[in-house]
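Here the structure is laid out as structure tokens; the discussion comes afterwards.
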Amino acid sequence: MANLIETQDLVKVYNSGDVKVVALNGISLTIDAGGLVAVMGPSGSGKSTLMNILGCLDKPTTGKYFLEGIDIGGLDRDQLAHIRNRKIGFVFQTFNLLARTSALENVELPLIYSGVSTGKRRETAMDALHSVGLSGREDHCPNQLSGGEQQRVAIARALVNFPAIILADEPTGNLDTKSSYEIISIFQKLNIENEITVIIVTHEPDIAAFTRRNIIFRDGKVTEDKIAQKNTSACPGAMR
Amino acid sequence: MFFLSSLKIAFRAIRVQRMRSALTMLGIIIGVGTVIIIINAGSGAKSQIAKQIAGIGSNLLMVFPGSTSSGGVRMGAGTKSTLCIGDAEAIKEACPSVKLVAPTWGGTAHLVFGNQNWSTSVTGTIPDMFQIRNWTLAFGFLFNQRDINTAAKVCILGQIVVENLLGDIDPIGQVIRINKIPFTVIGVLDKKGSSSYGRDQDDSIYVPLSTAQKRLFSTHIPGLVRTIMVQAKSLELMFEAEKEINALLMQRHHIQSGQEKDFTVRNLTEIMSIAQKTANIMSVLLLTIAMISLVVGGIGIMNIMLVSVTERTREIGIRMAVGGRSKDILMQFLIEAIILSLFGGLLGMVLGITACKVIAAVIKWPIPISWEALLLAFVFTGSIGVFFGFYPANKASKLNPIDALRYE
Ligand SMILES: Nc1ncnc2c1ncn2[C@@H]1O[C@H](COP(=O)(O)OP(=O)(O)O)[C@@H](O)[C@H]1O
Ligand SMILES: [Mg+2]
């Protein structure tokens, strides 16, 4: 399989005042298209920093990042926005939905920026909401939805533009076990049925157990990178 | 299409912060309202003054008895300080810059027709006065030289006198009593207008000069006149005419140069054009104030937009994370600022037009609403939105996506 993601010696240094924090200390990784990967590690080990760079939200201090063979370091703001819009779906721990904005309009957001016409936009967003099991909730605003439902809206938003990768930074961190399993099963389904590469940051080993590859972080470095022999399914329907 | 979504987003943002948006718009509302009032009321006042100038007569000089140098007009304290028909005739004969001369004599009289009565001012004059003042007749004829020679009991009425005394009766040929003396109505003047000045002119009647002097308000010296109206041959010759009249009357009244004069020559056209200039200066001043309040309103919008950009940093981050480009974010906030200012501008126009109508009703001047002024205000407020919205919008669009997302 082709390398969807390749990083070479990524380093990220934060300068907060006099203190220098090395959040990433030489990360070289490749992730194949169609992968389902869990990134694990203690708090502060640099997982979010990596995800933000992979999501083209941030740039590394040094090192290279290739996405589908394209050197991301050589792109300007608008080109990065285009990549975030077309290739990447981001799911955050805190959902990051627009307040006082209906689920449907939240999901439509990426389509607005890719210039899809109003009618088509609505249809595609409704399909995305349907695929995360939220049909009939399209007019509800985030404050009328449970945490699990809000995260499902966020996933619908991430997948609405048919991205190559979904990056999820602790997507179940704010959710109870039942909702967490629902969310993970959706990711599994997207990975298997839609062949979307999914990278999930998580603290919970039982969530990581659903994935096919686990990358363990410590102090800005990869300490372990193991392929799971078999992976469990969050729900029977998601298994092929 | 993207513009439409930006419009929708902006409207939602404004709706969510209703109170704040309203307060933001207040500066613009007041500014635009004031501009509309000043432009429209100002041009209304100007056209009113222009009308009054036309009503006074063009190139008009007035000669009064008494001196103004000691403050106020001193009325005939002896033969020396009075004007007479002879002075008027001499001005006409001897001053080359003078075209027409009309002496007047009059007072207030009580009019009776049937069971109606009315008090008004009665002016005795000669037919030339109507020409000097550009006054025209609606019905009938002017009195002529023979009426003046014979001190005929004929009169010409202003419209208000006709309304109050005769109502719907055809006035021509009717006999009315002026201070109990019967007069035949031979003419009715055209209406002068709705201003208080116009009402004064319409509420008057005119009789031959000799009739006023001999039958109505008898003079203690024969041929005495109250004012002499003089029309110069042209606007350029008005100062020349003023000089000639001064010289002639000083000679006729045996006044040495340096001595106090017993008459006054007033240049009414000049006075009116000074009034017009004053009105112009006033409206420029007020317009400046209105512009300042517009700019202050614009700064208010900028302030609120800056607050809004800060408050909505996370929203901006989310939009960028899903593919919003800098120019999309710029457009969104710019459109929001433009909508705020244009909406404020529209409300300001409504306020201004309403105020103009109220003012027009109170002072009884017509205030025509100029569409050019409205268009100007609209374009101007739109520009204010762009100008003052650009800085905050640009600031928002330059944010780093991850910094915006992490903003607390
Ligand atoms: N914006 C920032 N400024 C300064 N230091 C930061 C910033 N973001 C993260 N860090 C630091 O970088 C390190 C890695 O953070 P992060 O990638 O968020 O870790 P994780 O997601 O694994 O918990 C931490 O020590 C954190 O304090
Ligand atoms: Mg983290």
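Before we move on, is B:MET331 within 14 Å of another protein chain (Cβ to nearest Cβ) and in a helix (DSSP H, G or I)? Spelling it out, B:MET331 is indeed within 14 Å of another protein chain (Cβ to nearest Cβ) and in a helix (DSSP H, G or I).
Here the condition is being modelled with pLDDT under 95 and either within 14 Å of chain B (Cβ to nearest Cβ) or crowded, with 21+ Cβ neighbours inside 10 Å (or both); of A:ASN174, A:ASN231, A:ASN161, it holds for A:ASN161 alone.
Could you tell me which residue of the range B:304-343 is farthest from A:LEU97 (Cα to Cα), considering only residues that are of a type in the set (S, T, N, Q) and touching a residue at least 24 places away in the same chain (Cβ under 8 Å)? Checking each candidate, the answer is B:SER341.
Being on the phi > 0 side of the Ramachandran plot and either open to solvent by 40 Å² or more (accessible area, probe 1.4 Å) or among the polar types (S, T, N, Q) (or both) narrows it down to one of B:LYS398, B:LYS357, B:LYS364, B:LYS327, so name that one. The match here is B:LYS364. Kindly establish whether A:ARG121 is open to solvent by 30 Å² or more (accessible area, probe 1.4 Å) and of a type in the set (Lys, Arg). Against the criterion (open to solvent by 30 Å² or more (accessible area, probe 1.4 Å) and of a type in the set (Lys, Arg)), A:ARG121 does not qualify. Of the listed requirements (1) assigned to a helix (DSSP H, G or I); (2) in contact (Cβ under 8 Å) with a residue 24 or more places away in the chain; (3) in contact with a helix residue (DSSP H, G or I) (Cβ under 7 Å, 6 or more places away or on another chain); (4) within 9 Å of chain B (Cβ to nearest Cβ), A:ASN96 misses just one: (1).
Say we look at the range B:369-408 and pick out the residues that are among the polar types (S, T, N, Q) and within 14 Å of chain A (Cβ to nearest Cβ); which of these is nearest to ligand 2 (Cβ to nearest atom)? First the steps, then the outcome.
Going residue by residue through the range B:369-408, those that are among the polar types (S, T, N, Q) are B:370, B:381, B:383, B:394, B:397, B:400.
Of the ones still in play, those that are also within 14 Å of chain A (Cβ to nearest Cβ) are B:394, B:397, B:400.
On the way: B:ASN394: 31, B:SER397: 27, B:ASN400: 18 Å.
The qualifying residue nearest to ligand 2 (Cβ to nearest atom) is B:ASN400.
Scanning the range A:47-80 for residues that are of a type in the set (S, T, N, Q), farther than 17 Å from A:GLY220 by Cβ and within 13 Å of ligand 2 (Cβ to nearest atom) yields no hits at all.
Regarding the range A:91-101, can at least one residue be identified that is open to solvent by less than 20 Å² (accessible area, probe 1.4 Å) and within 16 Å of ligand 2 (Cβ to nearest atom)? Let's see the steps before the verdict.
Filtering the range A:91-101 for residues open to solvent by less than 20 Å² (accessible area, probe 1.4 Å) gives A:91, A:96, A:98, A:101.
Within this subset, residues satisfying the condition of being within 16 Å of ligand 2 (Cβ to nearest atom) are A:91, A:96.
So far as the range A:91-101 goes, yes, one or more of its residues are open to solvent by less than 20 Å² (accessible area, probe 1.4 Å) and within 16 Å of ligand 2 (Cβ to nearest atom).
Restricting the range B:367-395 to residues that are open to solvent by 70 Å² or more (accessible area, probe 1.4 Å), over 13 Å from B:ASN40 (Cα atoms) and in contact (Cβ under 8 Å) with a residue 40 or more places away in the chain, the residue that is nearest to the chain's Cα centre (by Cα) is B:PHE380.
For the range B:313-322, the criterion of a residue being away from chain A (no Cβ under 12 Å) and surrounded by 21 or more Cβ atoms within 10 Å (Cβ to Cβ) is satisfied by no position.
Select from the range B:247-267 the residues that are closer than 21 Å to B:SER97 by Cα and open to solvent by 30 Å² or more (accessible area, probe 1.4 Å) and write down the one among them that is modelled with the lowest pLDDT.
Step one: filter the range B:247-267 for residues closer than 21 Å to B:SER97 by Cα, giving B:247-253, B:263-267.
Keeping just the survivors that are open to solvent by 30 Å² or more (accessible area, probe 1.4 Å) gives B:247, B:250-252, B:266.
Values: B:ALA247: 91, B:MET250: 90, B:GLN251: 90, B:ARG252: 90, B:ARG266: 86.
Applying the filter and picking the extreme gives B:ARG266.
When B:ILE176 is tested against the conditions (1) within 35 Å of the chain's Cα centre (by Cα); (2) open to solvent by less than 40 Å² (accessible area, probe 1.4 Å); (3) closer than 16 Å to B:VAL112 by Cα, the lone failure is (1).
The values are calculated or read from the model by the stated rules, or taken from the named source; none is laboratory data. Computed from a prediction, not measured in an experiment: that's the story for all the values here. All Cβ positions, glycine included, derive from the backbone under ideal geometry; neighbour counts span all protein chains shown. Protein only, heavy atoms only, side chains kept; ligands, DNA and RNA dropped before computing areas. Shrake-Rupley method; radii C 1.70, N 1.55, O 1.52, S 1.80 Å.
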